[in-house]
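Okay, so here's the structure we're looking at.
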Amino acid sequence: METLLSSSPSVVVRSSLSPARTIASPSKLYSAVATFSSTPPVNGGFRRNHHSLPRPFTSSTAPKFSIRCGAGVKEIKESEFRSTVLESSRPVLVEFVATWCGPCRLISPAMESVAEEYGDRLEVVKIDHDANPELIHEYKVYGLPTLILFKDGQEVAESRREGAITKAKLKEYVDSLLETISVA
């Protein structure tokens, strides 16, 4: 059985398949027929609609994040590292973070809580990964966030921890570190 798919004299397509749908009215048939032309389509054949496509982030449209330090947490730079961390009389917990780091933002409230709770025995500081490349290289910080405890100007052995951590686990970590350095 042959089926006429187009009634246009310029396009005649015949098929042996039975029609899936029959159009009775010639006006409906005209709207269903594709038109072919030798002239190139305007705008590459794409119709512009009133909805704009989402644009990729640029430096001016990307969301801006900042390293926020709450009560008890201090952000320091390479120039302050020696006086704040290495020459401190108290142990210093250093958190290496970046503005673009999601896990860094996740643990920020827990770090603020630890800074408040252990403020009499421990100092907590943040160092921006992107703004302090020499410290990142010197202390071989490969993952963010990275926590390192310093005492008497030295990194405490076994104190390095990378990645996000819950508030309860962070307190366990700090308690074990403080117990370790008080025994030593």
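Results, tabulated for the structure shown:
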read-out: Coarse-grained scattering of segment 144-184 at q = 0.15, 0.18, 0.32 Å⁻¹, given as base-10 log I(q)/I(0) from a Debye sum over alpha-carbon atoms; value: -0.35, -0.50, -1.20
read-out: Efficiency of FRET between residue 162 and residue 87 - r from beta-carbon atoms, R0 25 angstrom, step 0.05; value: 0.45
read-out: Rounded accessible area per residue of segment 125-183, 1.4 Å, Å²; value: 56
read-out: Residues residue 99 and residue 182, FRET efficiency given R0 of 35 Å [Cβ-Cβ distance, rounded to 0.05]; value: 0.50
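The values are calculated or read from the model by the stated rules, or taken from the named source; none is laboratory data. As the structure is a prediction and not an experimental result, all values here were calculated from the model. Glycine gets a Cβ as well: all are built from the backbone with ideal geometry, and neighbour counts include every protein chain shown. Calculation scope for accessible area: heavy atoms of the full protein, side chains included, ligands and nucleic acids excluded. Shrake-Rupley method; radii C 1.70, N 1.55, O 1.52, S 1.80 Å.
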